[in-house]
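Student: Here it is, the structure in full.
The values are calculated or read from the model by the stated rules, or taken from the named source; none is laboratory data. Everything quoted here is computed from the prediction, not taken from an experiment. Quick reminder, even Gly has a Cβ in these numbers, built from the backbone with ideal geometry, and neighbours come from all protein chains shown. Just so you know, the surface numbers come from the protein's heavy atoms only, side chains and all, with ligands and any DNA or RNA stripped out. Shrake-Rupley method; radii C 1.70, N 1.55, O 1.52, S 1.80 Å.
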Amino acid sequence: MAISTIRKYTPEDNSRLNMAARRFTARYGLADYLSCGEWEEVDSVVSYGHQDLRHPAYGRLYQWKRAMCRALREPYSRDITVGYGYVGHYAQ
């Protein structure tokens, strides 16, 4: 799967994503499932837990992607991602 690059990922982006991750985990009660609370870990927990009915992240993928886009100051995209030092989205 290819990633279409939007722009470079900055340290400011990282701090905003970490703050968004802390707010997200507090709002939806995911703190018990995380060890450090960094945004990468929240992204993994939500991505894998959003389909399990018993998991508190069930159905929360849309909210997490919205929070990511707001933190990165990008328009909403369900395919938003960060990788290899760039902000982008998965190419269709």
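Student: Using Cα atoms only, what is the angle between the long axis of helix 11-28 and the major principal axis of the chain, expressed in degrees (0 to 90) to the nearest 10?
Tutor: Relative to the chain, helix 11-28 is tipped by roughly 20 degrees.
Student: Mean separation of Cα pairs under 8 Å and 6+ residues apart, divided by the residue count of the chain: what relative contact order is that in percent? Each step should come with its number before you reach the end.
Tutor: Details: 116 pairs, mean separation 35.2, N = 92.
Worked out over the chain, it gives 38 percent.
Student: For Asp79 and Lys8, FRET efficiency with R0 = 30 Å and r from the beta-carbon atoms, rounded to 0.05?
Tutor: The value I calculate is 0.95.
Student: Here is a further query. Quick check for you: with a 1.4 Å probe and neighbouring chains kept, what is the accessible area per residue of the chain, in Å²?
Tutor: Here the per-residue accessible area is 64 Å².
Student: Roll a 1.4 angstrom probe over the protein heavy atoms and tell me the percent of accessible area of the chain that is carbon or sulfur.
Tutor: Details: 2980 of 5860 Å².
So the carbon and sulfur contribution to the accessible surface is 51 percent.
Student: Under a crude label model (7 Å from the Cα following the beta-carbon direction), how far is Tyr48 from Gln63 in nanometres?
Tutor: Roughly 2.1 nm, to one decimal.
Student: For the chain, max minus min Cα coordinate along each principal axis, in Å, sorted largest first?
Tutor: Over the chain, Cα extents along the principal axes are 35, 28, 20 Å.
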